[in-house]
Amino acid sequence: MASKHAIKRMYQCSGCDEVHEYESEAEICCAPAVLDVYVCPICDETHETEDEARECCPDQSATCPSCLREHMGNHLAILAIKVAGHCPTCNPFYPLEHQLQIQDLAWEMTGKSRNLND
């Protein structure tokens, strides 16, 4: 069984740049030219090669040293472990300095504003 966070091969129309899960959908949308693209499982950004998709968000998992939970694909939990040494599941409380640092790093990685306490 494929991992939930595996890189997916998808199909991009050459005319409208829309990404489709199935090649036949892309062919119907903008026949006949279809481009193969690879999607990062973390940020959903498309890439021309599988290696580029793999390198897009290299920190895809982390194990919390406090509770030993494995966090995959959750940017905030992974960053929290790196910055504060624990995940928000086992201890949702962070000093303001750590909270802001985690949220800033998440913004840099994804381009999306995320609140650690949501």
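So here's what we get for this one:
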{"item": "Point-to-point label distance, GLU70-LYS82, nm (Cα→Cβ direction, 7 Å offset)", "result": "2.0 nm"}
{"item": "Label-point separation, ALA33 to GLU21 (7 Å along Cα→Cβ), nm", "result": "2.7 nm"}
{"item": "Alpha-carbon Rg with Dmax, taken over the chain, Å", "result": "17.6, 55"}
{"item": "Alpha-carbon Rg/Rh ratio, for region 8-56, with Rh computed the Kirkwood way", "result": "0.99"}
{"item": "Net +/- balance of residues flanking GLU52 in space, Cβ distance below 15 Å, scoring K and R +1, D and E -1", "result": "-4"}
{"item": "Helix 96-110 vs. the chain, principal-axis angle (Cα, 0 to 90°, nearest 10)", "result": "10 degrees"}
{"item": "Around CYS30: net Lys/Arg minus Asp/Glu count, Cβ-Cβ under 11 Å", "result": "-4"}
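No value in this document is a laboratory result; all are computed from the given coordinates. Values in this document were obtained by computation on a predicted structure and should not be read as measured data. Note that each Cβ is placed from the backbone with ideal geometry, even for glycine, and that neighbours are counted across all protein chains shown.
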